[in-house]
Amino acid sequence: MARMSSRPRSGDNPAFAPRVVPLGDGAVMAELADTLDLDANAAAHRIAADVRRNAPEWVVDVMPALVTVTVHFAAETATDAAAHRNGATRLLLEALERAGGASAAPPGRTVEIPVCYALPHALDLAEIAAVTGLSAAEVVRAHVEASHRVLMIGFVPGHPYIGGLDARLAVPRRATPRPRMERGAVAIANGQTSIYPFVTPGGWNVIGRTPLALFDPGREPPSLLEAGDAVVFVPIAPAEFERLAGARGR
Amino acid sequence: MTVKVLRPGALATLQDLGRSGMQHLGIVPGGAMDGVSHRIANALVGNRVDAATLEIAISGPELLFEKAALVALAGARFEAWIDGAPFPDARPVLVRAGARLRIGRATAGAFGYLAVAGGFDLPVVLGSRSTYLPGAFGGLDGRLVSSGASLPLVADAEAVATERFARAIRKRHAVELAGGAARSVRWLAPALTVSTTDPTLARAVEGAHAKQFTDAARTAFYRERWRVAPDSNRMGYRLLGPRLELVAPTEILSQATCLGTVQVPASGQPIVLMADHQTTGGYPKIAEVIAADAPAVAQVSPGGAVRFLAVKFDEADAAREALARRLSELIERILWEFGDDDD
């Protein structure tokens, strides 16, 4: 049995206390930090890439999240689960060792995302202005001028969690989630921006909407964004939103 | 050649074994809710285990076969009729051209799998033919099977049906059904994943945040007879029972979730994540249903009950290997009936 919560050398950052724990009987997860540490986030993506490069065929998925990396190895009919659990733990521990304390994020791509920050799309903009004491125009400017970076893609296909929100826009999730978020809704909460690829329920505060398809299964790659991408939000008028959305055939 | 849908049923989708290797793009594994029964249905018509099947929930569709086809319905037990005569489940059935298969309500279990020899002829989207409803892709244009839809079969499905059925009755004579509307065999495959106990027992290992719950919550979780809520779906089963409280409010950074993860949102009502589960989540996880028992949980209908049993990893691994062995023995047995041993 491999060490299931081993703590390898933690590098230069004393805040890091990496450990590897099982996640059910079909996955193991490396936890790199217990707060949203941007160095840990960058390390999670480096470690995931490392594990993916060295993964044997029984690894079915390698999932970097905000400050964790999970290796899924299960299928309900697979045998040798114990060997795979030990093997996946070893893959993560070795990748953790190699990642060490280095923290510089490799430069990713820069992706421009046009956003209409006006009604009928910006459902919660007035409320956020009221809560933060800013004008609606200042909220938009604060959102546009910040340096945003994709921290992970998760929840549903192509759904980004984007860090870098201006501290003045730190608002919690809405007390009651909306049953229907529009496709392309740009929303903020918990110091992050998210964009809803599909019509789903959602609890974040909607400040605009993009006409771009965040996810298209027929496109290569299907997800518009990937972890590590820098994101630049470009304000557009409602007429431009309609023109771009129409060009996509909506 | 196609199968025409005359009536859609409650929640019928085309599924295979799902997608892997793309969770970092948020692409959920999906696939059959009960992958074991999906595999058995395919084996019963001589298909590879990863061919697409029609997954039928709770109440089934009515289908018209334009040409003869070899079909099998495995998993949950349904009331079903072929041209008005009882349709036998869990075995290969050769239906003639023009036959109507009417599948009624499930009488045991929740999800049935209808396999057709040769398989449904669907485009592969991101490595799978599985329908993913929230993203509207895979299967039949990413949608539920609806009235008037045509389910495409491979071009030589009729020839494949005749050839495979002839092999299936080489050892033992065929059974005539519905005055010749269909022919079947004298054997059947047992269901491996539909619970014979009530409540269904689901073994589970400790969740990543189990220690953040109160002792009372952890005791209640393993003692309670949980009811599956009516608003459960392919993403998750909501469980009705006592509120599970945390020792203190907690903030969990979104991290990976698994098939079988039992997460507890602020309402205190647990949710078991199922095939179309989100790839990540930020709710505390009290337990994880073991892989071997996830299909049995999938087979609990809304209103049905489930009870959890705490196990350790060695038991989880032994259970998984036992299920894998039972499935491969069953598939061997089906191959023997098809006469593959003397080819």
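Only the coordinates and a few stated rules stand behind these numbers; no lab work does. Here the structure is a predicted model, which is why all the values come from computation and not from measurement. Note that we place each Cβ from the backbone using ideal geometry, even for glycine, and neighbour counts take in every protein chain shown.
Springs between Cα atoms under 10 Å define the GNM used for chain B, and in it the highest mean-square fluctuation of B:Thr107, B:Thr53, B:Thr13 occurs at B:Thr107. Calculation over all alpha carbon pairs of chain A in 10 angstrom steps from 0 returns a P(r) of 7, 28, 30, 22, 11, 2, 0 percent.
With bins 20 Å wide starting at 0, give me the P(r) of chain B over every alpha carbon pair, in whole percents. Bin by bin from 0 Å, the calculated values are 32, 54, 14, 0. Think of chain B as a dipole: +1 on every Lys or Arg Cβ, -1 on every Asp or Glu Cβ, centred on the Cα centre; then among B:Gly46, B:Ser128, B:Pro190, B:Pro190 lies furthest on the positive end. Spacing of the modelled spin labels on A:Arg174 and A:Ala83, each 7 Å from Cα toward Cβ, amounts to 5.2 nm. Highest average first, the peptides A:187-200, B:212-225 ordered by how many other beta carbon atoms sit within 10 Å of their residues are A:187-200, B:212-225. Annotation: Cα Rg of region A:192-238 relative to the compact-globule expectation 2.2 N^0.38 Å equals 1.25. Angle between the Cα long axis of helix B:157-168 and the longest principal axis of chain B, 0 to 90 degrees, nearest 10? Computed tilt is about 90 degrees.
The dipole here belongs to region B:59-206: it is taken about the Cα centre, uses +1 on the Cβ of Lys and Arg and -1 on the Cβ of Asp and Glu, and is about 520 debye. The residues neighbouring A:Gly191, those whose beta-carbon lies less than 13 Å from its own, together hold a net charge of 0 under the Lys/Arg +1, Asp/Glu -1 convention.
In a shell of Cβ-Cβ distance under 13 Å around B:Glu66, excluding B:Glu66 itself, what net charge do Lys and Arg (+1) and Asp and Glu (-1) give?
My count for the surroundings of B:Glu66 gives +3.
Building the convex hull from the alpha-carbon atoms of the protein assembly as shown and averaging its projection over directions returns 27.1 nm². Looking only at A:Gly228, A:Gly24, A:Gly203, which one moves most when chain A is put into a Gaussian network model with springs between Cα atoms under 10 Å? Highest fluctuation among the options: A:Gly24. Mean partner shielding of peptide B:26-34, defined as the number of other chain Cβ atoms within 10 Å of each residue Cβ, is 4. Only helices enter the 222 nm calculation for chain B: every DSSP H run of n ≥ 4 contributes -39,500 (n - 2.57), and dividing by all residues gives -5500 deg cm²/dmol, rounded to 500.
Averaging the sequence gap over all C-alpha pairs within less than 8 Å and six or more residues apart, then dividing by the number of residues, gives region B:206-320 a relative contact order of 33 percent. The three principal axes of the Cα atoms in region B:140-279 give end-to-end lengths of 66, 36, 24 Å, sorted in falling order. Taking Cα centre as origin and charging only the Cβ of basic (Lys, Arg, +1) and acidic (Asp, Glu, -1) residues, the dipole magnitude of chain A rounds to 160 debye. Between B:Ala155, B:Ala90, B:Ala210, the Gaussian network model of chain B with springs among Cα atoms under 10 angstrom shows the greatest mean-square fluctuation at B:Ala155.
Angle of helix B:35-44 to the longest C-alpha principal axis of chain B, folded into 0 to 90 degrees and rounded to 10: 10°. Counting Lys and Arg as +1 and Asp and Glu as -1, each charge on the Cβ, what is the dipole of region A:69-192 about the Cα centre in debye, to the nearest 20? Roughly 100 debye, rounded to the nearest 20. Each other residue within a Cβ distance under 9 Å of B:Ala97 adds +1 if Lys or Arg and -1 if Asp or Glu, for a net charge of 0. The lysine pair tally for the protein assembly as shown, using Cα distances under 18 Å and a gap of 8 or more places or different chains, is 4.
Packing-based ranking of B:318-330, B:242-254, B:181-193 yields B:181-193, B:318-330, B:242-254, ordered from highest to lowest mean Cβ neighbour count within 10 Å. Each of B:Val228, B:Val297 has some number of other Cβ atoms within 10 Å of its Cβ, and from fewest to most they run B:Val228, B:Val297. The angle between the Cα long axis of helix A:238-247 and the main principal axis of chain A comes to about 60°, on a 0 to 90 degree scale.
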